[in-house]
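The values are calculated or read from the model by the stated rules, or taken from the named source; none is laboratory data. It should be emphasised that the depicted structure is a prediction, and the values quoted were computed from it without experimental measurement. Cβ coordinates were reconstructed from backbone atoms using ideal geometry, including for glycine residues, and neighbour counts include every protein chain displayed. Side chains included, ligands, DNA and RNA excluded: accessible areas come from the protein's heavy atoms. Shrake-Rupley method; radii C 1.70, N 1.55, O 1.52, S 1.80 Å.
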Amino acid sequence: AKAQGRDSAHFFTPELNERAQRRMRLESNLRLALERQELSLHYQPRVCAQTGHTLGAEALLRWHSAELGPVTPAQFIPIAEDTKLIAPIGAWVIEEACRQMAEWRAQDLDLPQVSVNVSALQLVDDGLLETLQAALARHALPPGTIELELTESALMDKAEQTLARLHAIKALGVDLAIDDFGTGYSSLNYLNRFPIERLKIDRSFIRDMFEDPTDLAITHAIIGLGHTLGLKVVAEGVETEREAQTLRLAGCDELQGYWVARPMAAEALAGWLGLRRAA
Ligand code: C2E
Ligand code: CA
Ligand code: CA
Ligand code: CA
């Protein structure tokens with residue numbers, strides 16, 4: 001037993017140990033994040049490529065931990081998924097986005113839609129539909145004011161099971177978008193059968209568009225494919241005027257990224273929209 005103990009200790013290098021501890025601290029703090037009200041949503045606008053008109057805003061989760069400070073979604077979403085905490089957190093995101101949208105509508109803010117990211121685990125959970133329906137009803141929202149973003153891999157992973165679920169969401173009147181498009185493996189057959197409105201070209205293609213001719217070609221191909229299927233195509237991660245101009249000329253319908261605006265708190269978005277209208 002002693003030898004075994006020494007053996008296993010051998011595997012826990014200080015570095016690995018540190019990572020495991022960080023992960024454990026993240027997890028225990030994430031368990032308390034909801035009740036401690038440490039989560040909030042930031043919003044990033046999405047605009048028409050041709051007119052610049054604001055078509056919606058994507059809700060992006062932010063966690064400011066009292067103990068650990070700000071933690072990025074890239075760090076905590078995978079933990080939320082591993083621990084199943086994504087269920088209550090995801091439900092909170094839907095509720096909060098709906099509440100905020102209702103508040104903006106009451107203020108006559110010119111924002112047609114809020115998009116919410118939904119993880120693969122939420123999609124296969126029966127609670128999603130109820131959560132969505134309840135939030136729409138509670139806040140008296142026309143369903144088209146909410147969109148769900150699902151990653152390509154989440155959808156294609158269990159395409160057959162997902163299909164019925166997507167149609168049930170669509171029946172509520174909520175829009176559906178495929179996120180991070182181009183990074184997974186889409187079956188064109190399913191793509192055609194999914195009741196979706198939008199494809200969001202993954203940021204990696206936009207980022208390398210001018211360095212890597214393949215990425216520019218893929219971007220063009222996705223725009224063509226989307227239009228063939230009668231979908232709107234969104235470019236995300238648009239950072240420069242040159243990228244925006246190229247995408248516009250390529251026929252891309254909608255733009256999102258730092259070039260338009262960074263994700264911002266709800267109050268800041270209201271101000272941003274007001275300034276846009278005045279301009
Ligand atoms: P995503 O859904 O692809 O969201 C876009 C990410 O790109 C956001 O990162 C956004 O801040 C960032 N971004 C937007 N424009 C630009 C740009 O021009 N340049 C660069 N470099 N980045 C840009 P964020 O907020 O850190 O979120 C990362 C990911 O975490 C999201 O990727 C999404 O997959 C996930 N996530 C965020 N909020 C939620 C949520 O409420 N639920 C779930 N399930 N996942 C979420
Ligand atoms: Ca997204
Ligand atoms: Ca994305
Ligand atoms: Ca590349």
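If I fit a long axis through the Cα atoms of helix 14-33 and take the longest principal axis of the Cα atoms of the chain, what angle between them do I get, 0 to 90°, rounded to 10?
Around 60 degrees separate the two axes.
Send over a whole-number figure in Å² for the accessible area per residue of the chain, probe 1.4 Å.
Here the per-residue accessible area is 50 Å².
Between Ala20 and Cys48, what is the FRET efficiency for a Förster distance of 30 Å, r being their Cβ-Cβ separation, to the nearest 0.05?
In this case the efficiency is close to 0.05.
Evaluate E = 1/(1 + (r/R0)^6) for Arg99 and Asp212, where r is the Cβ-Cβ distance and R0 equals 45 Å; express this FRET efficiency to the nearest 0.05.
0.60
Against the longest alpha carbon principal axis of the chain, how many degrees, from 0 to 90 and to the nearest 10, is the axis of helix 86-106 turned?
On a 0 to 90 degree scale, this one is about 30.
Rounding to the nearest 10 and keeping the result within 0 to 90°, find how far the Cα-based axis of helix 266-278 lies from the longest principal axis of the chain.
20 degrees
Expressed as a whole percentage, what fraction of the accessible surface of the stretch 16-142 belongs to carbon and sulfur atoms when a 1.4 Å probe is rolled over the protein heavy atoms? Intermediate results must be reported in sequence, preceding the final value.
Values: 3240 of 6200 Å².
Carbon with sulfur: 52 percent of the solvent-accessible area.
Counting other Cβ atoms within 10 Å of each Cβ, which GluC sites (Glu not before Pro) in the stretch 117-196 have at most 16 and sit in a DSSP loop?
none
Using the basic label-point model (7 angstrom from Cα toward the beta carbon), what is the Leu129 to Glu67 distance in nanometres?
3.8 nm
Among the DSSP beta bridges whose two residues both lie in the chain, what percent are antiparallel, rounded to the nearest 5?
Beta bridges within the chain, antiparallel portion: roughly 40 percent.
Under 1.5 on a/c is rounded, so check that first for the stretch 205-267, then, if it is not, pick prolate when a/b is larger than b/c and oblate when it is not; a ≥ b ≥ c are the square roots of the alpha carbon gyration tensor eigenvalues.
oblate
Treating the stretch 19-151 as a set of equal point scatterers at the Cα positions, no solvent, please give the Debye-formula log₁₀ I(q)/I(0) at q = 0.13, 0.15 Å⁻¹.
Evaluating at q = 0.13, 0.15 Å⁻¹ gives log10 I(q)/I(0) of -0.58, -0.75.
Under 8 Å for C-alpha pairs, at least 6 residues apart: give me the relative contact order for the chain, rounded to a whole percent.
Contact order relative to length: 17 percent.
Regarding the stretch 131-222, what's the average projected area of the Cα-atom convex hull, expressed in nm²?
It is 6.5 nm².
Over the stretch 150-279, with a single point scatterer placed on each C-alpha, what log10 of the ratio I(q)/I(0) does the Debye formula yield at q = 0.09, 0.11, 0.12 1/Å?
-0.30, -0.44, -0.52
Could you give the C-alpha radius of gyration of the stretch 73-198 expressed as a fraction of 2.2 N^0.38 Å, taking N as the number of residues it contains?
Taking N as the residue count of the stretch 73-198, the ratio is 1.04.
Averaging over every viewing direction, what projected area does the convex hull of the Cα atoms of the chain cover, in nm²?
18.2 nm²
Dividing the Cα radius of gyration by the Kirkwood radius, what Rg/Rh value follows for the stretch 8-82? Provide the component values of the computation, followed by the final result.
Values: Rg = 17.7 Å, Rh = 14.8 Å.
The Rg/Rh ratio comes out at 1.20.
Looking at the stretch 69-132, which trypsin sites (Lys or Arg not before Pro) are in a loop (DSSP not H, G, I, E or B) and have at most 15 other Cβ atoms within 10 Å?
Details: sites: Lys84, Arg99, Arg105; in loops: Lys84.
Within the stretch 69-132, the qualifying trypsin sites (Lys or Arg not before Pro) (loop, at most 15 other Cβ atoms within 10 Å) are Lys84.
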